[in-house]
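K.L.:
One structure follows; several queries about it will come next.
The values are calculated or read from the model by the stated rules, or taken from the named source; none is laboratory data. Note that the structure is predicted; figures quoted are calculated from it, not measured. Here the Cβ positions follow ideal geometry from the backbone for every residue, glycine too, while neighbour counts run over all protein chains shown.
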Amino acid sequence: MQYRPFIDAALKSRFYQEKLAGQHFENWLGIPFTTKTELRNADAYDLIGTAIDQIATYHETSGTTGTPTPSWFTHKDIEQEVNVVLNSSLQLNEKDLVLNRFPFAMAIPSFIFYWSAARVGAGHIAVDKASMITPDRRVVEIIERTNPSILTMLPSEAEKLYEVGKQMGVLLPNPNLRAFVLAGELMTPSRKKHLENVWGVPVYLLFGSTETGGLFMSCENGHYHLNHANAFVESVDENGKPAKEGLKGNCVISTAREGMPLLRYANQDIIELRAGSTCGCGQTKPIMIHYGRKEDLIRMPNDREITFYDLQEVVYSLKNVPFMWKVKVLTDHVQFMFQYTTRMKPSRKTLEEEISTKLGLAVEVVFTEIFSLQKLTEKPAYAKYAHIERETKEWEWIK
Ligand SMILES: [Zn+2]
């Protein structure tokens, strides 16, 4: 690995000039990690790795787990984001019509697909996830009217949208649909398979984050090969040493991105690196398995750890996959909350047995309404502000 470009890129930002003052760079493993807290507490301008007039867009993390983290992209960085998509097996082309349901504020994936579609001359429809103008019902209507070939969104949106279509009596997938691109949430093989079964089209995954940008698209076998020219991923153990082969480790990412370079950023993800040759798609670069975030780990009394990956694998391989689900960690046991929309749902006892056997753990299953189906099919709630109000459209009063 050539480390120097990452160090040089990082040292262009004031943040790293200060953080790494007096640092020796002969030993890569001696370079301190960058933490989420450091990025949160940094002045947004100190994180920029170039002149401000080079900046194309500014983004922030959602801030659901604390102060948002800033992220800057230059026009050159945008090229890099586009290449991640265009070099993938998705084979986005000018015949495609992309219906893009990623949120445009303040995230990055929505823009990555907008830019990529523009680059290859594909059509693009923005149906922002977080906009009041486009609730799920309207998105289903737009899919019916426009017949897109690619849908891009969060995996949980894909799960919801199919159900909304069903409630509205709309047959999905629409005839032209050829692929889904999902990002923003953990996707295990079972979840991917489940969504491919439900929608009947291949699912491609984009791995990345607001801080790092989009980094890897999954290959046709669903693997993230570490094939990004300007990103370096390490898996380290609790002592900061490279994780042993076959063991899970903490994800550390370096990106030589102009807008906001990151040097050894410990992003709180749990990963495992495997030899690329095990995939069979023809790519030889190592594979990264993503097990979810560290904060989603469930620590059992006997030192056992259950990852979000483990939970997804269990739920999405059930004989009857629920419409929506949630896991509640209680003081003495783990509760699975399931919402089924079919009249015939499995018995609680059957589910508890199935999950307990797979997880090796006593669990409780409860049925509950996580999403109100009525709310899911609601009409748009937003309208433009009206300056003129009328009682009548007729000019009766002048008669
Ligand atoms: Zn592969």
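K.L.:
Please report, ordered by residue number, the strands (runs of 3 or more DSSP E) entirely within the stretch 136-230 with at least 2 residues that are crowded, with 19+ Cβ neighbours inside 10 Å and within 16 Å of the ligand (Cβ to nearest atom).
P.N.:
Numbers: elements: 150-153, 179-183, 203-209, 213-217.
Output list reads 203-209, 213-217.
K.L.:
Would you mind finding the one in Thr37, Thr50 that is more than 19 Å from Gly208 (Cβ to Cβ), among the β-branched types (Val, Ile, Thr) and either touching a Cys at 6+ places or on another chain (Cβ under 6 Å) or part of a helix (DSSP H, G or I) (or both)? Lay out the reasoning, then the answer.
P.N.:
On the way: Thr50 fails: either touching a Cys at 6+ places or on another chain (Cβ under 6 Å) or part of a helix (DSSP H, G or I) (or both).
Selected residue: Thr37, the only one of Thr37, Thr50 that is more than 19 Å from Gly208 (Cβ to Cβ), among the β-branched types (Val, Ile, Thr) and either touching a Cys at 6+ places or on another chain (Cβ under 6 Å) or part of a helix (DSSP H, G or I) (or both).
K.L.:
Residues to consider are Leu247, Leu263; find the one that is assigned by TED's automatic domain parsing to the domain that holds Tyr114 and assigned to a loop (DSSP other than H, G, I, E, B). So that I can check it myself, show each step before the final result.
P.N.:
Details: Leu263 fails: assigned to a loop (DSSP other than H, G, I, E, B).
On inspection, the qualifying residue turns out to be Leu247.
K.L.:
Counting residues that are out of contact with any helix residue (DSSP H, G or I) (no Cβ under 9 Å at 6 or more places or on another chain) and farther than 27 Å from Gly249 by Cα, which helices (runs of 4 or more DSSP H) fully inside the stretch 291-399 reach at least 3? Steps first, please.
P.N.:
Details: elements: 308-316, 348-359, 373-376.
Answer list for the stretch 291-399: 348-359.
K.L.:
One residue is enough: does the stretch 122-138 have a residue meeting the conditions on the phi > 0 side of the Ramachandran plot and either free of Cβ contacts under 8 Å to residues at least 40 places away in the same chain or in the same structural domain as Asn221 (by TED's automatic domain parsing) (or both)?
P.N.:
First, pick out the residues of the stretch 122-138 that are on the phi > 0 side of the Ramachandran plot: none.
No: the stretch 122-138 contains no residue that is on the phi > 0 side of the Ramachandran plot and either free of Cβ contacts under 8 Å to residues at least 40 places away in the same chain or in the same structural domain as Asn221 (by TED's automatic domain parsing) (or both).
K.L.:
Within the stretch 273-314, can you find the residues that are within 16 Å of the ligand (Cβ to nearest atom) and surrounded by fewer than 19 Cβ atoms within 10 Å (Cβ to Cβ)? Outline the logic, then answer.
P.N.:
Going residue by residue through the stretch 273-314, those that are within 16 Å of the ligand (Cβ to nearest atom) are 273-290.
The answer is Arg274, Ala275, Ser277, Thr278, Gly280, Cys281, Gly282, Gln283, Thr284, Lys285, Ile289.
K.L.:
Tally the residues that are farther than 24 Å from Pro70 by Cα and not β-branched (Val, Ile, Thr), restricting the search to the stretch 236-275.
P.N.:
17
K.L.:
Restricting attention to the stretch 266-288, which residues are in contact with a Leu (Cβ under 8 Å, 6 or more places away or on another chain) and in a strand (DSSP E or B)?
P.N.:
Of everything in the stretch 266-288, those that are in contact with a Leu (Cβ under 8 Å, 6 or more places away or on another chain) and in a strand (DSSP E or B) turn out to be Ile270, Glu272, Leu273, Ile287, Met288.
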